[in-house]
Each structure stands twice: as C-alpha cells, then as structure tokens.
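The values are calculated or read from the model by the stated rules, or taken from the named source; none is laboratory data. Just so you know, these numbers come straight off a predicted model, no measurement behind them. For neighbour counting, all protein chains shown are included, and Cβ atoms are generated from backbone atoms with ideal geometry for every residue, glycine included. We work out accessible area using only protein heavy atoms, side chains counted, and drop any ligands, DNA or RNA first. Shrake-Rupley method; radii C 1.70, N 1.55, O 1.52, S 1.80 Å.
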Amino acid sequence: MTLFTPMLRDSPLSEIFSDENTLQRMLDFEAALARATALCGVTPESSMTIISAQCQADKLDIPALAQAAAGAGNLAIPLVKQLTANVKQQDEQAARYVHWGATSQDVIDTGLILQLREAIDASEALLEQLISALIEQIQRHQHSVMPGRTWMQHALPITFGLKLAGTLDALLRWSERLQEMKPRVLVLQFGGAAGTLASLNEQGVAVVQALANSLSLNQPDTPWHSQRDRLLEVASWFAGVSTTLGKFANDFSLLMQTEVAEVGEPVAPGRGGSSTMPHKRNPVSCAAILTATTRIPGLMATLYASQNQQHERALGGWQAEWETLPQLITLAGGVMQTTRELFSGMQVNTDKMRANLDITHGLIMAESITLALAKSLGKQAAHHLVEQLCHRALDENQPLAALLAQHPQVTSHLSSTQIAHLLDPQHALGSNDKFINQVLARAAQQNREPT
C-alpha cells in the first residue's frame, strides 16, 4: 500500500497484485508443475508432496529475492533458487525436480494469468454491483427532466434516467465482452526454453494437459511466450470499462458545478472540503476517477508497444508488462470501486434540473415550435421565422412565449394553448422512455435486479 492507494486504487484488485500474491501465484505454478510431472511419471511421486509443501510465499526471503532479481533479469530465477534450497533442506532428492521442464517465463506468465483470473472475478462482482446501483437510479429518475447538452450548450430536453441509461448500455456490453474474453485469456503458459518442451521429450503434451487441469486453466494450442495479444485484450477491457466510467465522471463533475448544481456526490464528514474555503464541496470521487482514466491511456500505449517482441522469447517488451499491466488493472479497480460508491450515493436535484430548463426563457423548445409551424409554412420558412424570434428573445431579454404570442404568422397557425404545450419540456422527450426501457429490459434478460 502507498499513500495514494486509498485515493486511487482502493478496491479488491489492489491486493491481488501485491508482492506477496504475485510470488504466491508463481509458487502455485511450481506446486502444480510438481504434481503434473509426477502424475505423468516424469518425476518421482515422492517429490510432489515435498515440493508442494514449500510453495508458500511466507517461506521466501522477499527482500533478498528482489535484490537478486535485479542481477538475474527476472523474479523467477531467484524464486526457483530459494524454493530449491528450501526443498533441499527437507529432501535432497526432491530438490532435483523443482521447476522440472519449465522456463522462467512459464512461471511468471502463468502466475500472472492466475492473478488475472482473480482480478477478473473481482471485477465481475464490481461490475454487477455497478449495474445494479445504476438500474436503481435509472428507475428513480426515468422521468426527471433536464437539459440535454451538445457542444457544452443546451440542446433539447432529456431525462436524467436516459443519461444514466447510456452508461448502463455500455456497461452491459462490457459485461458481455468479459464473458467472451475469459476463455481466451485464462490460458496456461508452458513451453520450456524455446516453446517446444524438448526437455520433457514425448511427455510434453501430457504434462501440459495435467498442469492445465491442476490450475483449472485452458490449454493453448501453442506456447505464447512472444504472442501477447491475450494480455492486450484483458488490458483493453479494463481500460475500456474505465473510460466508460470516466465519461460518466466527467459529465457528473460538470453537472456538479456551482452554476449548474443538478447533482452532487455522496455527503460524508470531511468529504470534498477545501483547506482554505469552508464553503467548498469538491467532486473528489470524480477527480479520483478522472485521474486514473488520464493515466490509463499511457499505460495502454506501453502495452501496445510491448507487442513488438523478438523471436521466441523477448527482450524488453515482455519485461515492460510486469509493472504496467498491474498498474493499469489496479487503477481500473479503483475507478470501478469509486464509481460504485458514486452511483449508490449520488444526490440529484430535480428541481434545479427543471429550473435550468427555463434559464433560456423557452429557447430550448424552439425546435418544437419550428416543427409545428413547418406543417403550415414549410420547414425552411418556419425555421427562419423561429430563428428570428429566438434572436429577438436573446437581444431583448424576453421570453420566447411572449414573442410567439405577439407574432401574427405564429398565432394564425397555433393557439396559445398549443404554444404553451409545445414549450413544455415534458412534452418534448420523443423516444426517451422507449430507449430507457429497452436498456432495462436487456439488463433484466441477464437476470439482474437492483440491490
């Protein structure tokens, strides 16, 4: 844990990529390898139990291992050395069979895949919580009318429920992608020195199958030492979910500005305050989310660059993944956790949303008037007429309704009742509800209910 972990990475995913868990998953590979080679008759069955018993991270000298890794070039070499020494203290014969048939990259990559499985499971749970909290808020605010905004300006009325439904729609797609991705990503790495398992002779494929079964991982058709698309895919998933939530946080922070004040973050003692201004209520959750999503594209760029790996085992590209991928995933975990809290505890000021619709004195409804007049005047003529009246409303600081009621070309086609109806934002939502209901129906098909 660092000083910034609670602010930026506070989620179940952070501990998954701790030093201790990283080493433990590598040791899990070594224990499974000992079982697989013994099962296939490659190594003595007696060595399996002794090696497995020593595959515990708390039996390693982690500071010494880290120092030795700098000279060795990776963590696996000193890890295997320490493990072998520990096994040798118990049984000298068993120590001969530690790490049998494997190469350093097999240990590190499969250990990472085991961590990714934990991270995917934790992320799946977080995603379900996000979706449930969002469904609840959508149902609450399906009819909460607010200004829609394009190019940062008022456009036409929408509901807050529709704005939230857009985020839900994306999260449901990310959920589908996660299910599709898991079989491709959760795959064993075991190829030996050059990807042929030559040291296992004719037993190579049998050991691969036994090892994959032991770790509950899928078997690849070939070792993937220098084909890193699986890691790129999982990184892209975490980056993509984060950008969806980052877009939401960006919108939310804009809606939280003092002059807009349509939403607010959850209230808690000491939350969002200023060291100098007692009145401040800053969007601290949005800040944390946007901080992470600002960093994630750079980490993705590193992972894309690392795809350029040489021959059968890489120099530089593989090593660049070691810190980059965990950093990206733990930042994404923080984004998901923080957004879940934001979804659950958000404050929504529906009165201010409705009041903000009126700040242009009816101009936001100009399109409704134009379309109504177009039936009689034609679209171009109606547009030109309403545009002139809108300019007058702005120049003279008058409500659009008053100017419409005074213009004979308008009143000859529209009654005062019709004008009032057309200027009511509640009557100009088009397919707003249909779109919301479509997304909620898709969520319900996936057996999701609000918590």
| field | Test for residue 46: is it among the hydroxyl-bearing types (Ser, Thr, Tyr), open to solvent by 50 Å² or more (accessible area, probe 1.4 Å) and part of a helix (DSSP H, G or I) | value | yes
| Within the stretch 228-263, restricting attention to residues that are farther than 21 Å from residue 165 by Cα and free of Cβ contacts under 8 Å to residues at least 24 places away in the same chain, which residue is surrounded by the most Cβ atoms within 10 Å (Cβ to Cβ)? | 257
| said: Consider the stretch 1-20. How many of its residues are assigned to a helix (DSSP H, G or I), acidic (Asp, Glu) and touching a residue at least 40 places away in the same chain (Cβ under 8 Å)? | reply: 2
| message | Between 354, 340, which is touching a residue at least 40 places away in the same chain (Cβ under 8 Å) and touching a strand residue (DSSP E or B) at 6+ places or on another chain (Cβ under 7 Å)? | response | 354
| Unique match (being at pLDDT 95 or above, under 36 Å from the mean Cα position of the chain (by Cα) and under 28 Å from residue 211 (Cα atoms)) among 115, 82 | 115
| request: Quickly run through the stretch 152-184 and pick out the residues that are open to solvent by 50 Å² or more (accessible area, probe 1.4 Å) and at pLDDT below 95. | output: 152, 153, 154, 156
| For the stretch 434-451, what are the residues that are surrounded by fewer than 15 Cβ atoms within 10 Å (Cβ to Cβ) and of a type in the set (D, E, K, R)? | 434, 449
| Residues 400, 389, 404: which one is open to solvent by less than 30 Å² (accessible area, probe 1.4 Å) and either in contact with a Gly (Cβ under 7 Å, 6 or more places away or on another chain) or of a type in the set (S, T, N, Q) (or both)? | 400
| field | Exclusive hit being open to solvent by 10 Å² or more (accessible area, probe 1.4 Å), among the polar types (S, T, N, Q), under 28 Å from the mean Cα position of the chain (by Cα) and at pLDDT 95 or above, set 209, 129, 137 | value | 129
| task | Report the residue count in the stretch 303-324 for those that are under 18 Å from residue 195 (Cα atoms), charged (D, E, K, R) and part of a helix (DSSP H, G or I). | result | 0
| query | Which ranges mark the helices (runs of 4 or more DSSP H) fully within the stretch 383-436 that have 3 or more residues being under 24 Å from residue 145 (Cα atoms)? | reply | 400-406, 416-422
| message | Contact list please: Cβ distance under 6 Å, first residue in the stretch 102-120 and under 23 Å from residue 37 (Cα atoms) and open to solvent by 10 Å² or more (accessible area, probe 1.4 Å), second residue of a type in the set (Gly, Ala, Ser) and part of a helix (DSSP H, G or I), pairs at least six apart or on different chains. | response | 104/76; 108/76
| Condition met for residue 224 (at pLDDT 95 or above and of a type in the set (Phe, Trp, Tyr)) | no
| query | So, of the residues in the stretch 20-43 that are closer than 21 Å to residue 123 by Cβ and of a type in the set (D, E, K, R), which turns out to be surrounded by the most Cβ atoms within 10 Å (Cβ to Cβ)? | reply | 25
| message | Against the condition in a helix (DSSP H, G or I), more than 17 Å from residue 217 (Cα to Cα) and among the hydrophobic types (A, V, I, L, M, F, W, C), how does residue 23 come out, does it pass? | response | yes
| What are the residues in the stretch 338-361 that are farther than 30 Å from residue 397 by Cβ, assigned to a helix (DSSP H, G or I) and open to solvent by 70 Å² or more (accessible area, probe 1.4 Å), if any? | 341, 344
| message | Among the numbered criteria (1) over 33 Å from the mean Cα position of the chain (by Cα); (2) modelled with pLDDT of 90 or more, which one does residue 425 miss? | response | (2)
| Pick from 266, 278: which is under 15 Å from residue 343 (Cα atoms), part of a loop (DSSP other than H, G, I, E, B) and modelled with pLDDT under 95? | 266
| query | Only one of (1) without any contact (Cβ under 8 Å) to a residue 24 or more places away in the chain; (2) touching a Pro at 6+ places or on another chain (Cβ under 7 Å); (3) of a type outside the set (Val, Ile, Thr); (4) open to solvent by less than 30 Å² (accessible area, probe 1.4 Å) fails for residue 72. Which number is that? | reply | (4)
| Residues being in contact (Cβ under 8 Å) with a residue 60 or more places away in the chain and open to solvent by 40 Å² or more (accessible area, probe 1.4 Å) - total across the stretch 299-337 | 8
| request: Could you grab me the full set of residues in the stretch 365-382 that are in a helix (DSSP H, G or I) and farther than 20 Å from residue 157 by Cα? | output: 374, 375, 376, 377, 379, 380, 381, 382
